[in-house]
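The values are calculated or read from the model by the stated rules, or taken from the named source; none is laboratory data. Owing to the predicted nature of the structure, the values given are computational and were not obtained by experimental measurement. FYI the Cβ positions are ideal-geometry reconstructions off the backbone, even for glycines, and counts take in every protein chain you see.
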Amino acid sequence: MELGRMVVDLRSDTVTKPSEAMRAAMAAADVDDDVIGVDPTARRFETEMARMMGKEAALFVPSGTMANLISVLVHCDTRGSEVILGHNSHIHIYENGGISTIGGVHPRTVPNNPDGTMDIDKIAAAVRNLDGGGICYPTTRLICLENTHGNCGGKCLSAEYTDKVGEVAKTHGLKLHIDGARIFNASVALGVPVDRLVRAADSVSVCLSKGLGAPVGSVIVGSKAFIEKAKILRKTLGGGMRQVGVLCAAAHVGVRDTVGKLADDHRRAKVLAEGLKKIKQFTVDLSSVETNMVYFDITDPLISPGKLCQVLKQRNVLAMAVSSKSVRLVVHYQISDSDIQYAVTCMEEAADEILSSNAKSVHLANGSTANSYGN
Amino acid sequence: MSTKVVDLRSDTVTKPSEAMRAAMAGAVVDDDVLGTDPTAHRFEMEMARMLGKDAALFVPSGTMANLISVLVHCDSRGSEVILGHNSHIHIYENGGISTIGGVHPRTVTNNPDGTMDIDKIVAAIRNPDGALCYPTTRLICLENTHGNCGGKCLSVEYTDKVGEVAKNHGLQLHIDGARIFNASVALGVPVDRLVRAADSVSVCLSKGLGAPVGSVIVGSKAFIEKAKILRKTLGGGMRQVGVLCAAAHVAVRDTVGKLADDHRRAKVIAAGLSKIKHLTVDLTSVETNMVFFDTDPQISPGKLCQLLEQRNVLAMAVSSKSVRLVIHYQISDSDVQHVLTCMEEAVEEILSRNAKFEHLTNGATTDSYGN
């Protein structure tokens with residue numbers, strides 16, 4: 001590892017560390033027992049989040065996984081429920097299948113398009129028709145959207161699309177939940193106020209611990225009745241924390257201080273993508289960079305994503321290999337312009353290093369003497 | 001009237017100390033889900049060492065600690081767990097082991113001392129010959145100290161005996177040790193010795209130890225590995241969680257040594273309450289930091305707590321005739337005296353109001369309260 005150089009961590013925006021202002025807020029937070037319902041800092045924060053998102057009430061939870069789990073389970077609290085969601089959604093792929101293993105809810109996936117949407121007609125077709133076929137069907141109760149869509153590259157769902165899905169939900173008597181872990185990124189990139197963006201939704205989960213930088217937590221927003229049920233389920237799952245104001249204080253600072261910096265993250269993501277595009281061995285679709293995520297493919301078969309990330313790590317740059325040929329980079333406010341330049345330089349060097357050590361290995365396999373690496 | 005509130009509702013109300021706040025603000029942190037948060041890692045290792053187990057896992061609450069423990073021990077469908085009829089898991093955790101985990105509870109009567117009779121535990125274990133219509137018993141749960149029984153301590157001898165039963169029948173043993181340090185201190189038994197027979201223990205940091213949030217599960221490496229995944233599944237995987245572990249670490253360092261004073265103050269309160277007419281306390285039942293007392297029929301616990309609240313003393317009515325007080329380190333000796341004075345005054349007030357009421361129903365003119 002290069003000494004004296006800070007690590008440029010692009011694995012995810014979850015790696016953001018609490019700022020000085022957050023640390024001070026945590027240390028000074030006015031707290032009480034939130035399980036009894038009396039932590040003033042938690043209440044103040046939840047009230048503010050509800051207001052900001054244009055919903056009646058809000059609930060602070062330890063993680064986005066719990067926020068989504070609670071939301072799905074509350075909307076689907078009757079046994080025999082089904083939820084429609086994207087085949088490539090975070091809930092379906094990265095939440096341990098908890099809605100089923102823990103909640104007994106059945107998933108019905110609809111293909112995600114590269115832009116993060118699901119075709120409206122395919123969503124409608126996936127809604128169970130209980131006439132005549134009801135005896136062998138679960139009952140569809142909920143549609144879930146994800147905005148921004150992580151696996152599709154941090155893509156934004158427009159307010160128009162969201163409203164359309166809301167219409168489908170209403171027409172069929174279903175609820176609509178938005179996994180809005182990065183909803184503020186979407187709002188900023190689209191130039192649409194966040195409450196307008198989620199107006200069609202019955203509930204939204206919002207992460208504080210990703211790009212907004214708080215150390216821990218997410219918030220669920222929805223109607224008063226929904227949040228009352230959510231509170232009980234949160235307790236049941238074990239998410240009822242006592243003097244949780246210490247965390248809400250930091251989250252509140254996150255929302256206050258960092259939403260305004262997201263546009264810079266998006267700008268830096270584009271700069272990063274442009275820099276990567278110039279590297280021979282990589283390919284990037286520049287138009288696919290809408291927010292703070294950059295996915296790039298490695299076109300040279302001699303370079304594996306795993307190897308690339310390993311070599312980058314030696315240069316104090318952390319990235320995430322996401323398939324046999326692609327790598328993901330996520331920009332956050334603790335990544336500076338010079339960090340971006342440094343990352344691009346390291347990418348180039350890493351690719352060269354891997355290719356040249358491959359060349360040396362090939363030379364070696366030809367029966368020559370040990371190479372300069374002493375292998 | 002003093003503006004300081006003397007909160008005896010529970011030891012969960014403890015607020016973080018200055019040392020904890022400083023530790024939170026200065027904590028070295030990282031993404032505990034993607035890898036390890038160094039502060040969390042250090043704290044978990046220390047807790048495992050202290051409790052004499054291989055590994056530990058920090059979780060947001062005691063409820064999640066117990067839920068995870070039961071579900072990991074009972075990860076096959078069709079499992080049953082033996083636990084006390086009056087245990088916290090059975091009464092106050094939303095039935096989560098069943099509604100969330102699909103595990104069936106088999107209760108055995110808790111004695112007033114918090115134990116369950118050994119022979120009754122054995123009798124509750126399902127005979128595999130009946131497997132066609134029985135679930136499979138996989139786990140026994142104890143609770144130490146036992147909350148609903150009054151903060152009673154289970155001895156190390158009793159715990160070992162239950163461990164023997166578990167082993168003989170191929171079962172695991174989990175201890176809900178939310179207040180295990182209170183038990184250890186009251187019994188004068190090192191905490192690791194106290195839980196040696198257990199496969200897993202849940203320990204609260206946010207109660208008497210005073211941390212703002214959290215509990216810890218301890219157990220074998222293999223158990224904790226599974227627990228970590230279930231924690232993620234339930235939504236308890238937190239990112240820069242070291243901010244909470246830093247406070248919890250301070251709590252363990254600073255507050256275990258103060259628990260004996262909590263127990264002493266509990267006894268002082270109990271002794272004082274026993275002198276107040278119309279209140280009954282069994283002094284021998286006060287083993288740790290909880291005091292349960294009964295009220296005579298003319299005094300409703302709800303009314304008593306209401307009048308106490310007007311005097312800035314908070315207590316918890318737990319039934320139609322009893323009240324619970326829980327001592328913690330943020331309750332001082334003078335707070336204890338203040339509580340006793342307020343208790344006396346509150347009882348007096350209720351009695352004199354009752355007297356006035358009786359006078360009223362006898363056809364007299366309205367009393368001085370204007371009723």
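If the requirement is being surrounded by fewer than 16 Cβ atoms within 10 Å (Cβ to Cβ), of a type in the set (Asp, Glu) and over 26 Å from A:Asp195 (Cβ atoms), which of these qualifies: A:Glu56, A:Glu20, A:Glu82?
Just one listed residue meets the conditions, A:Glu20.
Determine whether A:Val221 is within 23 Å of A:Cys144 (Cα to Cα) and outside the structural domain of A:Leu355 (by TED's automatic domain parsing).
It is true that A:Val221 is within 23 Å of A:Cys144 (Cα to Cα) and outside the structural domain of A:Leu355 (by TED's automatic domain parsing).
May I ask you to verify whether A:Lys224 is of a type in the set (Lys, Arg), surrounded by fewer than 22 Cβ atoms within 10 Å (Cβ to Cβ), more than 23 Å from A:Ala251 (Cα to Cα) and at pLDDT 95 or above?
Criteria not met by A:Lys224.
Applying the selection to segment A:81-91, what residues are more than 14 Å from chain B (Cβ to nearest Cβ) and not in a loop (DSSP other than H, G, I, E, B)?
Across segment A:81-91, the qualifying residues are A:Ser81, A:Glu82, A:Val83, A:Ile84, A:Leu85, A:Gly86.
Please verify whether A:Arg234 is in contact (Cβ under 8 Å) with a residue 12 or more places away in the chain, within 14 Å of chain B (Cβ to nearest Cβ) and under 23 Å from the mean Cα position of the chain (by Cα), treating the condition exactly as stated.
Yes.
Across segment B:67-77, which residue is nearest to the other protein chains (Cβ to nearest Cβ) among those that are over 20 Å from B:Asp32 (Cβ atoms) and in a helix (DSSP H, G or I)?
Taking the candidates together, the pick is B:Leu71.
Kindly indicate whether B:Ile229 is within 14 Å of chain A (Cβ to nearest Cβ), over 14 Å from the mean Cα position of the chain (by Cα) and either under 30 Å from B:Ala23 (Cβ atoms) or not in a helix (DSSP H, G or I) (or both).
yes
Would you mind telling me which numbered condition in (1) under 27 Å from B:Cys133 (Cβ atoms); (2) at the interface with another protein chain (Cβ under 8 Å from one of its Cβ atoms); (3) touching a residue at least 40 places away in the same chain (Cβ under 8 Å) B:Thr99 fails?
(3)
Quick one: A:Gly260 ticks every box in (1) within 12 Å of chain B (Cβ to nearest Cβ); (2) surrounded by fewer than 20 Cβ atoms within 10 Å (Cβ to Cβ) bar one, so which box is it?
Of the numbered conditions (1) within 12 Å of chain B (Cβ to nearest Cβ); (2) surrounded by fewer than 20 Cβ atoms within 10 Å (Cβ to Cβ), the odd one out for A:Gly260 is (1).
Every residue in segment A:19-66 that is assigned to a helix (DSSP H, G or I), within 9 Å of chain B (Cβ to nearest Cβ) and either modelled with pLDDT under 95 or touching a Cys at 6+ places or on another chain (Cβ under 6 Å) (or both), please.
Passing the criteria: only A:Gly64.
Being within 14 Å of chain B (Cβ to nearest Cβ) and among the β-branched types (Val, Ile, Thr) is the requirement here; does A:Ile183 meet it?
No, not satisfied.
Inside segment B:132-205, counting only strands (runs of 3 or more DSSP E) that do not spill past its ends, which hold 1 or more residues that are surrounded by fewer than 23 Cβ atoms within 10 Å (Cβ to Cβ) and over 18 Å from the mean Cα position of the chain (by Cα)?
By residue number, B:136-143, B:172-177.
Considering every residue within segment A:154-171, establish whether at least one is outside the structural domain of A:Arg268 (by TED's automatic domain parsing) and touching a Phe, Trp or Tyr at 6+ places or on another chain (Cβ under 6 Å).
no
In segment B:8-17, what count of residues is obtained for those that are surrounded by fewer than 24 Cβ atoms within 10 Å (Cβ to Cβ), under 18 Å from the mean Cα position of the chain (by Cα) and either farther than 20 Å from A:Ala249 by Cβ or more than 7 Å from chain A (Cβ to nearest Cβ) (or both)?
Number satisfying all stated conditions: 2.
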